[in-house]
């Protein structure tokens, strides 16, 4: 990782993307309320939260799928409201979802240019697309000797990295990564985290959506925790350590209450077989006598 640090681009003081008191309501349901978020180029902003915390709604607002109901969103200092994902993409905001929007049976180079094919007259310029795809993937440190391979034959980490490299090539200034390590093992998660650092060092603002504080702390510069649609923590790396981030993510007070409730339990206890056989309820005395 040392070599990556040498090329790091210092983050700008002015946020490339900023949400000020943003909220989103669906009828009487408030999915987000009063959310403030600043994303700077050359930084990884980690947004953490449990299921139902509001992470998906936040992604949809920034990606242009839904418009916010209240508050302000600014891109490069100018107030914006996206009416579609294309409007967000036109301003350099790209989203890499969990499903990656990749076609598993198509070749790597076809997926790289999916929806943005290069043509020579009426025909696809296959040689040019292969050349560019190979060069861009190599810049990210991904070596795929055969670009005609179906993308579905690659590992989960490699597929994530292709999606990230594609977003960068097509002009992204901010890349939103939706739980990129959620379905990956330890090794493949490490591959994706390495390329998140690569994207940061290339000068992009990265929004890393995750529920894993350990993965977030490995690459994050700025941490925001959502709970029930509200921000409960907004801190930079020098303001907290992994233990505090984990405790805040898990809900410190809730964990304390749970620990108190379980204080009298014996974690080393093994339930007797007769209890397991009766669904966890001790068998009636008569049954035990009959079976003796």
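Looking at (1) in contact with a strand residue (DSSP E or B) (Cβ under 7 Å, 6 or more places away or on another chain); (2) surrounded by fewer than 17 Cβ atoms within 10 Å (Cβ to Cβ); (3) over 22 Å from residue 203 (Cα atoms), can you tell me which one residue 26 breaks?
(1)
For residue 116, which of the numbered conditions (1) in a loop (DSSP other than H, G, I, E, B); (2) modelled with pLDDT of 90 or more; (3) loosely packed, with under 13 Cβ neighbours inside 10 Å fails to hold?
Of the numbered conditions (1) in a loop (DSSP other than H, G, I, E, B); (2) modelled with pLDDT of 90 or more; (3) loosely packed, with under 13 Cβ neighbours inside 10 Å, the odd one out for residue 116 is (2).
Any residue in the range 170-195 that's at positive phi and free of Cβ contacts under 8 Å to residues at least 60 places away in the same chain: show its pairings with residues that are assigned to a strand (DSSP E or B) and crowded, with 18+ Cβ neighbours inside 10 Å at Cβ separation under 6 Å, as long as the two are six or more apart or on different chains.
If the second residue must be assigned to a strand (DSSP E or B) and crowded, with 18+ Cβ neighbours inside 10 Å, no pairs are left.
Assess whether residue 31 counts as being touching a residue at least 60 places away in the same chain (Cβ under 8 Å), touching a helix residue (DSSP H, G or I) at 6+ places or on another chain (Cβ under 9 Å) and on the phi > 0 side of the Ramachandran plot.
No, not satisfied.
If you check 164, 144, which single one turns out to be at pLDDT below 90, closer than 21 Å to residue 106 by Cβ and outside any helix (DSSP H, G or I)?
Residue meeting the stated conditions: 144.
What is the number of the single condition among (1) over 15 Å from residue 157 (Cβ atoms); (2) part of a helix (DSSP H, G or I); (3) touching a strand residue (DSSP E or B) at 6+ places or on another chain (Cβ under 8 Å) that residue 234 does not meet?
(2)
The values are calculated or read from the model by the stated rules, or taken from the named source; none is laboratory data. Source: prediction; values computed, not measured. Glycine gets a Cβ as well: all are built from the backbone with ideal geometry, and neighbour counts include every protein chain shown.
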